[in-house]
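J.: Have a look at this one.
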Amino acid sequence: MNLVIFSGPPSSGKTSVILKTIEAMQGRGIKAGVVKFDCLYTDDDTIYEKANIPVKKGLSGGLCPDHFFASNIEDVVKWGNDQKLDLLITESAGLCNRCSPYITDIKGVCVIDNLSGINTPKKIGPMLKSADIVVITKGDIVSQAEREVFSGRVCAVNPRAMVMNVNGLSGQGAFELSTLIYDNNIDIKSVQGMKLRFAMPSAMCSYCLGETRIGEDYQLGNTKKMQWEDKNE
């Protein structure tokens, strides 16, 4: 079984891209399934079910969805193998734009849209910088010049990634993506012992443990303060 990790900011078009990519694979006899991670709510699982795609969803609740992912990915892979899938795709919540836990030697795909602003690639951390493939969506809404500038900004942040455009509505580019993420020679039985590509953010502070009051008297553990000194002084 192949395993591919999809990440990207909210509403960037991850689900649409995945649907069109799996549709292109089904024509080649590849059985694909999806596990959707989110925080409080998602109905994306019903969209996959309507397309007859095996799907499970995991809601992290008050936990960071990417920490939740790392804690559950081993069971996710077991489920995929039990379903006898050829390809298992995990779709992240992608809320803070900071991490999304790609795994070493497992393909990582970042989906980002042209409407997010030309400076957005600089604001995204390892979710974009450590991806193997960067998929840019909503290119039909902006001009050719805007597409090229945005693509150039993405390449500047992650020069080693393959950057491509996919239309989540028409499916243009989805077949090409499907050929990149599936390798018949790969067979993932377990991710036990594999390593994350980048350490996730850590903060074990009083607010992590349920504190709601504001003020230094209530702040304990791993906290970080802004610097207010005037550089000219």
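J.: Tell me the mean residue ellipticity at 222 nm calculated for the chain from its helices only (DSSP H runs of n ≥ 4, each -39500 (n - 2.57), averaged over every residue, nearest 500).
T.: Dividing the helical sum by the residues of the chain leaves -8500 deg cm²/dmol.
J.: Sticking with this structure for a sec: Quick check for me: using +1 on Lys/Arg Cβ and -1 on Asp/Glu Cβ, what's the dipole size of the range 165-219 about its Cα centre, in debye to the nearest 20?
T.: Roughly 140 debye, rounded to the nearest 20.
J.: Suppose a student asked you for the relative contact order of the chain, using Cα pairs under 8 Å spaced at least 6 residues apart; what percent would you report?
T.: Value for the chain: 25 percent.
J.: Based on the alpha-carbon gyration tensor of the range 123-210, what equivalent-ellipsoid semi-axes (square roots of 5 times the eigenvalues) come out, in whole Å, largest first?
T.: 29, 22, 13
J.: Still on this structure, I have one more. With +1 on the Cβ of every Lys and Arg and -1 on the Cβ of every Asp and Glu, and nothing else charged, how large is the dipole of the range 30-82 about its Cα centre, in debye rounded to the nearest 20?
T.: 160 debye
J.: What is the spread of the Cα atoms of the range 56-123 along each of their three principal axes, largest first, in whole Å?
T.: 42, 29, 21
J.: Rolling a 1.4 angstrom probe over the protein heavy atoms, how many square angstrom per residue are accessible across the chain?
T.: Heavy-atom SASA per residue in the chain reads 55 Å².
J.: With all protein chains present, how much of the accessible area of the chain (probe radius 1.4 Å) comes from carbon and sulfur, to the nearest whole percent?
T.: Ligands and nucleic acids excluded, carbon and sulfur give 52 percent.
J.: While we're looking at this one, here's another question. Can you give the charge dipole size of the chain about its Cα centre, rounded to the nearest 20 debye, using +1 on the beta carbon of Lys and Arg and -1 on the beta carbon of Asp and Glu?
T.: With Lys and Arg at +1 and Asp and Glu at -1, about 340 debye.
The values are calculated or read from the model by the stated rules, or taken from the named source; none is laboratory data. Since the structure is predicted, the reported quantities are computational estimates derived from the model, not experimental observations. Virtual Cβ from ideal backbone geometry, glycine too; neighbours counted across all protein chains shown. Heavy atoms of the whole protein, side chains included, go into the accessibility calculation; ligands, DNA and RNA do not. Shrake-Rupley method; radii C 1.70, N 1.55, O 1.52, S 1.80 Å.
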